[in-house]
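Quick notes on the structure that follows.
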Amino acid sequence: MLKIKNLQAKVDDKEILKGIDLEIKAGEIHAIMGPNGSGKSTLASVLAGNPGFEITGGEALFEGKDLLDLAPEERAREGLFLAFQYPVEIPGVSNMTFLKTALEEIRTHKGLPPLSAKEFMQLLKQKQELVELKTSLVNRSVNEGFSGGEKKRNEILQLAMLEPKLAILDETDSGLDIDALRVVAAGVNKLRSEQNAFLVITHYQRLLDYIVPDVVHILFEGRIVKSGSKDLALQLEEKGYDWLREEVVGG
Amino acid sequence: MEQGIFNSTYQSLIESFEKDHLPERSFEDETLLAKRAAAFQVFSRKGFPSIKDEEWRFTNLNRILKQDFSLRPPSISFAKAEESIAGLDACRLVLINGVLAIEQSDVLPEGLIFLDTQAALANPSYSQLLGSIAVDDNNAMLAFNTAFFKNFYVLHVKAKKLIEKPIHLIHKFSEAGSPSIIPYRLLVIAEELSESTLIETFHSDGQASVLASYVSEVQVAQSAVLHTHLINAAAEDLNLIHHREVEQFKTSVYNNSNLALGNAAFIRNNFNCRLKGSVTETNLLGSYITNGTQHVDNHTVVDHQMPNSNSMELYKGIMMDRSHGVFNGKIFVRLDAQKTNAFQQNNNILLSDQATINSKPQLEIFADDVKCSHGSTVGQIDEQALFYLKTRGISEERARKMLIEAFVLDVHSRIPIKALQEYVLQLLQAKLDTDSLVTA
């Protein structure tokens with residue numbers, strides 16, 4: 001589904017990704033772990049098409065298409081989704097208009113007719129139950145006045161509504177208490193299938209108790225330095241990132 | 001010699017005053033004719049204001065006075081004002097090139113009268129009020145209007161009357177031959193304990209080539225409530241210089257929204273509220289969305305003269321292409337106006353490198369126990385929000401539109417009439433459709 005080869009990117013002349021190789025197949029969950037500043041969020045931003053980053057080399061193919069050649073909205077329509085680490089508050093844009101417009105654009109791209117108002121509300125209700133987002137979204141602006149936990153659930157709600165092929169969760173666990181974390185993880189587990197895939201970016205192993213990855217990668221100074229099974233996450237949790245530093249730099 | 005503009009339009013106006021204009025006005029009483037003569041002196045001395053006049057620093061009238069506008073007797077026009085607001089239940093009054101089109105106007109509800117020029121000037125109490133709310137001693141454009149206005153209308157809401165149906169005054173400008181200057185005015189009297197709504201919309205047919213000089217004087221008597229809305233939806237053939245002077249008395253409420261959402265080439269609004277009584281409430285909303293080479297200038301004055309009054313002013317603007325916005329908001333708090341609460345906010349978004357906004361808040365506070373705040377911002381579209389929307393599959397253009405609509409929503413959402421709100425949204429969306437927001 002996603003094939004990344006030697007991807008390099010910089011921001012403000014600072015090289016952050018120094019050659020990433022990664023392949024994710026349908027039905028898989030990959031986790032990327034790494035210390036602060038290793039480039040985890042940059043990778044997520046670059047894949048989603050954030051214009052703040054400059055690609056300096058390498059390639060990324062998504063379902064055979066050159067991802068780096070597509071605008072952010074085209075990537076989304078092709079089935080890529082980024083759950084933001086810091087979801088943006090947009091005063092004045094209603095949640096309903098936002099979700100409706102996004103769904104409509106993606107359905108149009110798939111050649112599907114727009115949902116009726118009734119169908120939309122039914123779908124929304126069902127998906128809100130899935131992520132246990134009880135707050136009414138009607139008459140509220142996107143993420144405005146939402147608690148940290150509500151914002152993260154709102155990201156997963158959008159994920160559930162838009163049904164992407166590949167979802168990147170960028171530190172979705174940060175700032176979540178254990179109950180919210182369980183809810184978010186349960187939502188993701190219900191959404192996973194043989195047809196889709198997840199890339200879970202996290203600093204801590206805790207989330208991976210609930211969303212069990214098929215592969216864990218360790219990102220360090222802009223490169224994936226180690227890949228392995230879910231046990232790698234446990235190992236990392238136990239030994240911390242210092243161990244890695246010694247191994248990589250020393251080796 | 002004053003530092004005004006004394007060009008050929010000015011010359012021809014000066015010449016026509018005694019030759020053509022005064023003979024036409026022979027039916028007017030002496031008091032009014034004396035007012036016209038005094039005003040004419042002011043205008044002839046000062047000329048059209050130039051950018052050397054501090055009040056016109058950012059707005060160059062020379063630009064629109066490049067072509068010669070002439071003052072001609074208003075011809076009866078057969079143009080039809082098709083403009084109506086879907087779903088709005090209102091009494092329509094239609095002015096075409098400043099002239100009341102009676103056959104296109106509705107019958108007014110009881111408790112309210114609307115008079116055209118002849119009837120209004122026949123009543124000395126109205127002609128005496130004329131020019132006494134908006135005093136033109138030193139204001140050349142106001143003086144020009146007083147000297148030269150052809151038509152004068154009065155909207156008079158009687159005491160204790162609650163008029164639930166809004167009055168919709170449609171200002172339509174249509175093809176008038178050569179470029180015309182059209183001076184006309186309105187007097188609104190809201191008597192004690194009355195409540196009413198006046199909606200004014202401006203339209204043009206695209207071939208008008210008009211410089212309209214419109215003066216509205218508004219008196220809001222004790223405990224009266226008056227809601228007014230000014231919505232400009234005209235085409236680029238309209239140049240409008242509007243002066244509104246409002247006087248508010250004790251415990252009265254005045255709300256206005258002033259929205260420039262059309263394509264008029266040039267708009268200058270002078271909007272002055274004199275709060276002459278205590279415990280008054282004044283809410284002024286404004287928005288201006290400009291593109292091409294449009295120029296929209298809002299000058300406002302909120303003048304707190306007595307204690308315990310509240311005023312709130314919120315103006316938001318979006319400038320595209322090479323358009324130019326001006327906001328100048330003055331707040332006076334006079335010595336007697338203790339416990340004043342005055343709030344002013346002006347926020348702007350520039351969508352192009354060539355667009356300009358001059359935003360200037362001015363506070364002059366002479367009382368010592370007051371709460372005043374003001375703020376002015378100029379910015380761009382929030383790139384983070386834009387990216388967020390795009391990552392959900394929303395196109396750049398649509399995302400930009402959503403963010404622009406959101407930006408002015410806190411102005412437009414305060415319009416209390418739902419049909420009007422929808423009309424405003426339609427105008428806004430049509431406006432945003434005319435421009436390629438992506439390349440902006």
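A few notes on this one:
- Test: residue in segment B:96-104 that is loosely packed, with under 15 Cβ neighbours inside 10 Å and at positive phi: no
- Annotation note: Cβ proximity below 6 Å between a residue of segment A:139-160 that is surrounded by fewer than 17 Cβ atoms within 10 Å (Cβ to Cβ) and a residue that is outside any helix (DSSP H, G or I) and of a type in the set (Gly, Ala, Ser) (sequence gap 6+ or interchain) occurs for A:Gly148/A:Gly175.
- Taking (1) more than 14 Å from chain B (Cβ to nearest Cβ); (2) outside any loop (DSSP other than H, G, I, E, B); (3) surrounded by fewer than 24 Cβ atoms within 10 Å (Cβ to Cβ); (4) not hydroxyl-bearing (Ser, Thr, Tyr) in turn, A:Val184 satisfies each apart from (3).
- The helices (runs of 4 or more DSSP H) falling completely within segment A:39-131 that include 1 or more residues that are at pLDDT 95 or above, more than 24 Å from A:Val188 (Cα to Cα) and more than 21 Å from the chain's Cα centre (by Cα) map to A:95-109, A:117-130.
- Residues of segment A:62-85 include at least one that is within 14 Å of chain B (Cβ to nearest Cβ), at positive phi, in contact with a strand residue (DSSP E or B) (Cβ under 8 Å, 6 or more places away or on another chain) and touching a residue at least 12 places away in the same chain (Cβ under 8 Å).
- Among the criteria (1) hydrophobic (A, V, I, L, M, F, W, C); (2) modelled with pLDDT of 95 or more; (3) closer than 15 Å to B:His243 by Cα, the one B:Phe114 does not fulfil is (3).
- Test for A:Val248: is it touching a Pro at 6+ places or on another chain (Cβ under 7 Å), β-branched (Val, Ile, Thr) and closer than 23 Å to A:Ile20 by Cβ: no
- Taking segment A:155-174 as the range and being in contact with a strand residue (DSSP E or B) (Cβ under 8 Å, 6 or more places away or on another chain) and not in a loop (DSSP other than H, G, I, E, B) as the test, the residues that pass are A:Glu155, A:Ile156, A:Gln158, A:Leu159, A:Leu162, A:Leu166, A:Ala167, A:Ile168, A:Leu169, A:Asp170.
- Among residues of segment A:23-61, those that are open to solvent by 20 Å² or more (accessible area, probe 1.4 Å), more than 23 Å from A:Val216 (Cβ to Cβ) and away from chain B (no Cβ under 14 Å), counted: 4
- Identity of the residue in segment A:90-125, in contact with a strand residue (DSSP E or B) (Cβ under 7 Å, 6 or more places away or on another chain) and not aromatic (Phe, Trp, Tyr), that ends up farthest from the other protein chains (Cβ to nearest Cβ): A:Asn95
- Boolean, B:Gln429 is over 23 Å from A:Glu104 (Cα atoms) and either within 7 Å of chain A (Cβ to nearest Cβ) or surrounded by fewer than 20 Cβ atoms within 10 Å (Cβ to Cβ) (or both): no
- The residues in segment A:1-21 that are within 22 Å of A:Glu78 (Cβ to Cβ) and crowded, with 17+ Cβ neighbours inside 10 Å can be counted, and the count is 7.
- The residue that is farthest from A:Asn139 (Cα to Cα), among those in segment B:361-419 that are of a type in the set (Phe, Trp, Tyr) and at the interface with chain A (Cβ under 8 Å from one of its Cβ atoms), is B:Phe387.
The values are calculated or read from the model by the stated rules, or taken from the named source; none is laboratory data. Just so it is clear, the model here is predicted, and its values are computed rather than measured. Counting neighbours? That spans all protein chains shown, and the Cβs are built from the backbone with ideal geometry, glycine included. Heavy atoms of the whole protein, side chains included, go into the accessibility calculation; ligands, DNA and RNA do not. Shrake-Rupley method; radii C 1.70, N 1.55, O 1.52, S 1.80 Å.
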